[in-house]
Amino acid sequence: MNSNDVSDLRAEFEQFVHRKGVCNEEGSCEALNPDSGDAVDDEPVPAFVEQIAQNILAPARCGVYISRLDIKRIAEAVDESLPIKERGKMLKALFRHTTTRQYLEAVFAEFNRHINGRILIYQELVEAFPSSQKIFAAHMAKAKKTQQIFEQIIADFEEIEPTFDPMLV
């Protein structure tokens, strides 16, 4: 490879980078991170979201893995539109404007539906491979415990009226 080939390759690469919008006109380039946050990600969320995130996002606690696609499908099932981001940010966006118990119940019903689907898969694996009973029993117990956390959050949830002003109380 001669120096002209390297120069041509460098020029072609620079054109590609500038065309993709990675660099500005002054020549400074920023790394693109599709999961990087925006102002919406910094908005406050209800207190229970942190508890949900700790339990749902960690398969070691939840017993199942809830993927980005699962969260997106859950949002679509309750007529919400979420962009694909980090799972934690997606959860926050899903629960950010929760004001009614009905909405919370609908979201948790969808989470339960996904978790129950995984439990069924675990049960089929146990039937096919009986020696795996001990492993999958632990995962199923964790999944059931997570579902109980959902029930507790719903029971503790206080609805917020859209016109509620805490300063007038």
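The values are calculated or read from the model by the stated rules, or taken from the named source; none is laboratory data. Computed from a predicted model, the values in this text were never measured in an experiment. For neighbour counting, all protein chains shown are included, and Cβ atoms are generated from backbone atoms with ideal geometry for every residue, glycine included.
Worth pointing out:
- Failed condition for SER81, given (1) loosely packed, with under 15 Cβ neighbours inside 10 Å; (2) among the small types (Gly, Ala, Ser); (3) under 30 Å from ALA137 (Cβ atoms): (3)
- Condition check for ALA106: part of a helix (DSSP H, G or I), of a type in the set (Gly, Ala, Ser), over 16 Å from ALA143 (Cα atoms) and modelled with pLDDT of 95 or more: yes
- Qualifying residue in the range 42-50 (condition: outside any helix (DSSP H, G or I), under 15 Å from the mean Cα position of the chain (by Cα) and modelled with pLDDT of 95 or more): no
- Some residue of the range 150-160 being under 19 Å from PRO46 (Cα atoms), β-branched (Val, Ile, Thr), touching a helix residue (DSSP H, G or I) at 6+ places or on another chain (Cβ under 6 Å) and surrounded by 14 or more Cβ atoms within 10 Å (Cβ to Cβ): yes
- Sub-7 Å Cβ pairs linking a first residue in the range 80-97 that is touching a residue at least 12 places away in the same chain (Cβ under 8 Å) to a second residue that is in a loop (DSSP other than H, G, I, E, B) and of a type in the set (D, E, K, R), at least 6 apart or interchain, are LYS85/ASP35; GLU86/ASP35; LEU94/GLU80; ARG96/GLU43, ordered by first then second residue.
Conditions tested, residue by residue: (1) assigned to a loop (DSSP other than H, G, I, E, B); (2) of a type in the set (Ser, Thr, Tyr).
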position: GLN54; (1), (2): no, no
position: ARG61; (1), (2): no, no
position: TYR65; (1), (2): yes, yes
position: ASP79; (1), (2): yes, no
position: LEU91; (1), (2): no, no
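- Pairs, first in contact (Cβ under 8 Å) with a residue 60 or more places away in the chain in the range 50-76, second crowded, with 18+ Cβ neighbours inside 10 Å and among the small types (Gly, Ala, Ser), C-beta under 8 Å, six or more apart: CYS62/ALA143; GLY63/ALA143; VAL64/ALA143
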